[in-house]
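Beneath this line is the structure, given in C-alpha cells, with notes to follow.
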Amino acid sequence: MTELLNAIYDANDFRNTGYALIDKLAMHLQKKTQRQVINFISPNELLAFWQNDWAEQPQEVMPFFEQIIQQSISLHHPQYMGHQVVPPAPLTALADLLAAFLNNGSAVYEMGQASSAIEKLVAEIFCKAIGYSQEADGLLTSGGTLANLTALLCARQAKATEVWEEGNTKDLAIMVSEEAHYCVDRAARIMGLGTEGIIKVHVDEQFRMRTDLLASFYQEAEKKGKKVIAVVGSACSTSTGSYDDLEAIAQFCQKYDFWFHIDGAHGGAVIFTSKYKHLVKGMEKADSIAIDCHKMLMTPALTTALLFKNGGNSYQTFMQKAQYLWTDAEEREWYNYSKRTFECTKLMMSMKFYALIRTYGIQALEDFVTTLYDLGKTFAQIIQSNPHFELAIEPMANIVCFRLLKKGYSDEKLNQLNADIRREIVEKGEFYIVQTKLKDKLYLRTTLMNPFTTEVGLEKLLAYIEKIGNEYS
Ligand SMILES: Cc1ncc(COP(=O)(O)O)c(C=O)c1O
C-alpha cells in the first residue's frame with residue numbers, strides 16, 4: 001500500500017470531511033431562501049472555470065464541495081418550480097451515502113444481499129398499493145426511461161416471442177398518446193420499430209389520449225400489415241400532467257390481447273394517496289407500470305419501480321446466459337436482479353426509498369403528493385382570478401401551464417414574449433420555471449415539486465412575471 005493509498009482510505013479523514021460536508025448541506029437546507037434558486041452561468045463559461053480549476057496537483061476538497069453547491073440549482077428552494085425532479089428528503093440522501101460507501105452493486109445476490117431483499121419488499125409495497133394480486137412482482141431500475149424500455153421489451157417477449165432469437169421487428173408496433181414522454185418513442189425506436197411502428201393517438205382538449213380513436217387507429221395499422229403488441233398509457237403526461245383513461249385502455253387491450261403498459265413515472269405516485277388515487281382507476285389491469293421515486297416520492301435520482309401484474313413475465317425480458325454470475329439462466333431467482341434488469345452492477349437503490357418509508361411511514365408519501373397536487377389546484381385558481389394570465393388547462397396534477405397575456409398581441413407575439421420572460425427568469429435566478437408548447441402556443445410551465453412553496457410565493461411569481469412582461473412591451 002502506498003502512502004497515498006493509505007491517505008485516501010484514512011478513516012479519520014473520512015469522518016472529519018464527512019462531518020464538515022453534512023454541516024454544509026444542513027446549512028444549505030436551513031438557509032435555502034438566502035440565496036438564488038439558480039446562479040445561471042453559461043455552459044462555456046462554466047467549462048472554462050473547471051478547465052482552469054484542474055491543476056493536476058492535489059487540492060483541498062472542501063472548497064470544491066462549496067463550488068458544487070454554489071453552481072447547482074437549489075431544488076429545496078421554495079421558488080424552484082421547474083422540472084419534475086424532487087428535493088429529496090434529507091434522510092434519503094444519507095441512505096444514498098451509505099449505499100455509495102458500501103457499494104454493494106447487486107448484479108448477484110451475494111454482492112448486494114440487503115439491497116436485493118429490500119428491493120423485493122419495496123416491489124411488494126408498490127404492488128399492494130397498486131391493487132395487484134399476489135402474482136405480481138417487480139424490480140427497481142435506473143430511471144423511467146429505462147423502465148419504460150424494459151417494460152416494452154417484456155411486452156415484445158410476451159407478444160412476439162420469436163423476435164429475441166430472430167431479431168426481426170419490422171412489422172411490430174405500439175400505440176401511445178401523442179403527448180407521451182419522448183422516452184417511449186425512443187424506446188420503440190431502439191427496439192427497431194421505426195416511425196411507422198409508433199402509432200401516436202391524438203389527444204383531447206385536456207391532452208388525454210383519445211381512447212375513442214384506439215380502434216380506428218389500430219384497424220388502420222392492421223391494414224398496413226402492422227402487428228400491434230402494446231398500448232402505453234400516460235399517468236400522467238409530462239407537459240400538462242394529464243392522466244389517460246386507464247380503464248378504457250385496459251378494456252381495449254383486453255379485447256385485442258395487447259400488452260398494457262403504464263408510464264406512471266411522474267403521477268403513479270398517487271397510488272399512495274386516498275385523495276388522488278382515483279386518477280389511476282384501472283391501473284391494476286395493466287401488465288406493467290413504471291413509477292419514479294425520484295419524481296414524486298422524495299428519493300434522490302435515480303430510483304424507478306417497474307411492476308408487473310404477472311411477476312413471471314419479468315423473467316422473460318432478457319434471456320442472456322452469464323456463467324460467471326448465475327449457474328442457471330432459466331431459473332427464476334427473485335434475488336438475482338440482473339436477470340431482470342438492464343443493469344449488471346446496480347446501485348443499492350432500494351435502500352433510499354425504504355429508509356424513508358421505514359422511518360416516516362407511507363404517510364410521508366401521502367402528505368407529499370397530496371400537498372403538491374392540492375397546491376397545483378390552488379395555483380390554477382390564482383391564475384384564473386388574474387385577468388393578465390391564461391391557464392392552459394385545469395391541472396389534474398401538480399403541473400400547471402399558463403401564459404402572460406397582452407392586449408392586442410397575436411399568439412406568435414405572445415409566444416415570443418413568454419419565451420423571453422422564461423429566459424430572463426432563469427438568467428436572474430430568483431425563480432426557476434420551465435416552458436412547453438401546447439398546440440403551437442408557448443406556455444410557462446411549473447411543476448410544484450416543493451413542499452416549501454406557498455400560495456404567497458406563487459402570487460409573487462405571477463407579479464414577477466408581469467413585471468418582466470411590462471419591461472418587454
Ligand atoms: C411521464 C414521464 N415518463 C418518463 C420520464 C423519464 O423518466 P427518467 O427521467 O426517470 O428517465 C419522464 C421524465 O420527465 C416523464 O415525465
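Only one of the numbered conditions (1) within 16 Å of the ligand (Cβ to nearest atom); (2) crowded, with 23+ Cβ neighbours inside 10 Å; (3) not in a strand (DSSP E or B) is violated by HIS77, and that is (1).
For the range 125-149, the set of residues classified as within 16 Å of the ligand (Cβ to nearest atom) and closer than 17 Å to LEU279 by Cα consists of PHE126 only.
Is there a residue being of a type in the set (D, E, K, R), closer than 28 Å to THR359 by Cα and within 22 Å of the chain's Cα centre (by Cα) anywhere in the range 90-111? There is at least one residue in the range 90-111 that is of a type in the set (D, E, K, R), closer than 28 Å to THR359 by Cα and within 22 Å of the chain's Cα centre (by Cα). Being over 17 Å from ILE382 (Cα atoms) and modelled with pLDDT of 95 or more is a property that ILE465 lacks. Got at least one residue in the range 273-280 being of a type outside the set (Asp, Glu), within 15 Å of the ligand (Cβ to nearest atom), closer than 30 Å to LEU91 by Cβ and in contact (Cβ under 8 Å) with a residue 40 or more places away in the chain? For the range 273-280, residues of a type outside the set (Asp, Glu), within 15 Å of the ligand (Cβ to nearest atom), closer than 30 Å to LEU91 by Cβ and in contact (Cβ under 8 Å) with a residue 40 or more places away in the chain: present. Going through GLN51, GLN34, GLN59 one at a time, which residue ends up being of a type in the set (S, T, N, Q), without any contact (Cβ under 8 Å) to a residue 40 or more places away in the chain and assigned by TED's automatic domain parsing to the domain that holds LYS428? Answer to the check: GLN34. Within the range 359-397, the set of residues being under 19 Å from the mean Cα position of the chain (by Cα) and polar (S, T, N, Q) comprises THR370, THR371. Take the conditions (1) in a helix (DSSP H, G or I); (2) touching a residue at least 12 places away in the same chain (Cβ under 8 Å); (3) under 22 Å from GLY268 (Cα atoms); LEU98 misses just one of them, which is (3).
Does the range 413-422 contain any residue that is touching a Gly at 6+ places or on another chain (Cβ under 7 Å), surrounded by 15 or more Cβ atoms within 10 Å (Cβ to Cβ) and among the polar types (S, T, N, Q)? Looking through the range 413-422, none of the residues is touching a Gly at 6+ places or on another chain (Cβ under 7 Å), surrounded by 15 or more Cβ atoms within 10 Å (Cβ to Cβ) and among the polar types (S, T, N, Q). Filtering the range 1-40 to residues that are polar (S, T, N, Q) and either modelled with pLDDT under 95 or closer than 25 Å to GLY429 by Cβ (or both) leaves GLN30, THR33, GLN34, GLN36, ASN39. Check the range 199-212 and report whether any residue there is within 15 Å of the ligand (Cβ to nearest atom) and over 30 Å from ALA392 (Cβ atoms). No: the range 199-212 contains no residue that is within 15 Å of the ligand (Cβ to nearest atom) and over 30 Å from ALA392 (Cβ atoms). So, in the range 281-298, of the ones that are within 16 Å of the ligand (Cβ to nearest atom) and among the small types (Gly, Ala, Ser), which residue ends up nearest to GLY241 (Cα to Cα)? Among them, the one singled out is ALA290.
State yes or no: is LEU97 away from the ligand (no atom under 16 Å from the Cβ), outside the structural domain of TRP334 (by TED's automatic domain parsing) and among the aliphatic types (A, V, I, L, M)? Yes; evaluated as a whole, the condition is true for this residue. Please tell me if PHE342 is surrounded by fewer than 18 Cβ atoms within 10 Å (Cβ to Cβ) and within 28 Å of ALA89 (Cα to Cα). So PHE342 passes the test. The residues listed here are ALA301, ALA265, ALA269, ALA305; of these, the one that is within 16 Å of the ligand (Cβ to nearest atom), modelled with pLDDT of 95 or more and in a strand (DSSP E or B) is ALA305. How many residues, within the range 176-198, are away from the ligand (no atom under 13 Å from the Cβ) and under 22 Å from the mean Cα position of the chain (by Cα)? Residues meeting the conditions: 6.
The values are calculated or read from the model by the stated rules, or taken from the named source; none is laboratory data. Owing to the predicted nature of the structure, the values given are computational and were not obtained by experimental measurement. Heads up, the Cβs are rebuilt from the backbone with ideal geometry, glycines too, and the neighbour counts pull from every protein chain shown.
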